[in-house]
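Read through the structure below, which is laid out as structure tokens, and then see the notes.
The values are calculated or read from the model by the stated rules, or taken from the named source; none is laboratory data. Treat the numbers as computed from the prediction; the structure is a model and nothing was measured. Reconstructed Cβ throughout: ideal geometry from the backbone, glycine too, with neighbour counts over all protein chains shown. Note: accessible area is taken over every heavy atom of the protein model, side chains too, but ligands, DNA and RNA are not part of it. Shrake-Rupley method; radii C 1.70, N 1.55, O 1.52, S 1.80 Å.
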Amino acid sequence: MIGRSMLKKPANKLTRTAPSGWRKVRNIVHWSPFVQTYKKQKYPWVQLAGHQGNFKAGDQGTILKKLCPREERCLLRLMNDDLFPFVPEYKGQWDAECEKYLQLQDLLKDFDNPCVMDCKIGVRTYLEEELAKAKEKSKLRKDMYDKMVQVDPSAPTEEENRLKGVTKPRYMVWRETISSTATLGFRIEGMKRCNGTSSKDFKTTRTREDVDQVIRSFVEGYEHILPQYIRRLNDLKSALEKSQFFAVHELIGSSLLFVHDNTKASVWMIDFAKTQPLPEGVHIDHRSPWQVGNHEDGYLIGVENLCDLFTSVNTKHRLTS
């Protein structure tokens with residue numbers, strides 16, 4: 001655990017302006033390595049999931065993410081929590097090109113040509129209020145019907161096929177069942193290998209066997225770093241069980257970022273835009289099955305399954321090498 005004396009606290013509500021000497025850079029493009037040059041040094045980082053245009057180059061060793069007040073509140077609390085070593089350091093707000101950003105530690109800056117994998121954690125990726133809102137204004141959506149058919153032509157009911165439409169609540173719930181979100185408490189959003197190839201075609205990666213294969217592909221040629229991933233996941237699980245922040249928050253749509261190169265590996269919690277405090281009087285254990293109204297997120301289900309899967313991949317590698 002990093003001592004609190006070593007923690008550089010971000011200044012709450014502090015806003016800084018990007019130096020005029022910085023040349024303007026274009027927003028990151030999905031799946032492309034984004035190399036920031038600062039004083040002739042390069043700091044590569046990659047956006048695997050999320051919305052194009054949310055990120056920009058920051059100061060040396062940092063990235064800028066568009067300001068989300070809810071995410072900022074989470075980061076400020078996490079800087080003084082047991083989970084501090086597992087999240088990017090928050091360095092305050094930053095103004096750039098008439099936009100406000102969160103200035104965050106660049107998690108890839110100490111890695112050489114890193115492999116990166118983004119896993120969305122939890123048994124659902126939508127807030128209960130989003131589902132309730134969708135039910136209030138429920139109408140048939142042809143675009144969502146088309147997306148459903150594209151992934152699984154057998155998914156719509158006879159009635160939905162006849163009407164060529166599905167409601168948003170129906171689509172939201174169905175979407176979680178086609179991936180490992182519903183079965184394992186996480187799903188793989190995207191992956192970039194060290195050889196430069198990348199993919200985010202994991203919408204129907206659902207079974208333990210499917211995910212096992214993807215993880216083996218992710219660490220292929222770097223199996224020696226598997227014990228580091230396993231230790232990090234176990235340490236994260238212990239920190240989650242001690243964390244005051246985790247005890248009183250519902251974590252939805254948050255990811256674990258896996259990063260390794262030839263010598264080191266690490267895992268961080270990222271993306272807190274949908275993380276919110278639990279309603280007064282509500283308590284969750286992050287493991288119990290979700291039912292509408294109980295606010296369970298299944299976060300620990302995902303972490304524990306990831307730990308088991310990485311351990312299994314490591315055991316198989318040792319037996320065959």
Handout entry: Karplus-derived HN-Hα couplings along region 302-315 (A = 6.51, B = -1.76, C = 1.60, θ = phi - 60°), whole Hz, x at Gly and Pro
Key = x, 4, 5, 5, 4, 4, 4, 5, 5, 5, 5, 4, 5, 5
Practice task
Using 0.36 nm per residue of separation minus the Cα-Cα distance, give me the extension gain between Glu158 and Glu223 in nm, one decimal.
Solution key: 18.7 nm
Handout entry: Those GluC sites (Glu not before Pro) in region 93-150 that DSSP places in a loop and that have at most 11 other beta carbons within 10 Å
Key = Glu97
Problem - Relative contact order of region 86-209, pairs being alpha-carbon contacts under 8 Å that are 6 or more residues apart, as % - result: 26
Practice task
List, in the order given, every pair from Lys56/Lys137; Lys109/Lys147; Lys139/Lys192; Lys168/Lys237; Lys200/Lys237; Lys91/Lys237 whose Cα-Cα distance in the structure shown is over 29 Å.
Solution key: Lys56/Lys137; Lys109/Lys147; Lys139/Lys192; Lys168/Lys237
Completion exercise
Counting only protein heavy atoms and leaving out ligands, DNA and RNA, the solvent-accessible surface of Asp308 at a 1.4 Å probe, in Å² to the nearest 10, equals 90
Handout entry: Within the accessible area of region 194-235 (1.4 Å probe), percent carbon and sulfur
Key = 42
Exercise for the section: Quick one: of Lys242/Lys264; Lys66/Lys242; Lys120/Lys203; Lys100/Lys120, which pairs are farther than 20 Å apart, Cα to Cα? Expected result: Lys242/Lys264; Lys66/Lys242; Lys100/Lys120
Practice task
Figure the gain on full extension for Ser199 and Leu140 (residue separation times 0.36 nm, minus the Cα-Cα span) and round it to one decimal in nm.
Solution key: 18.1 nm
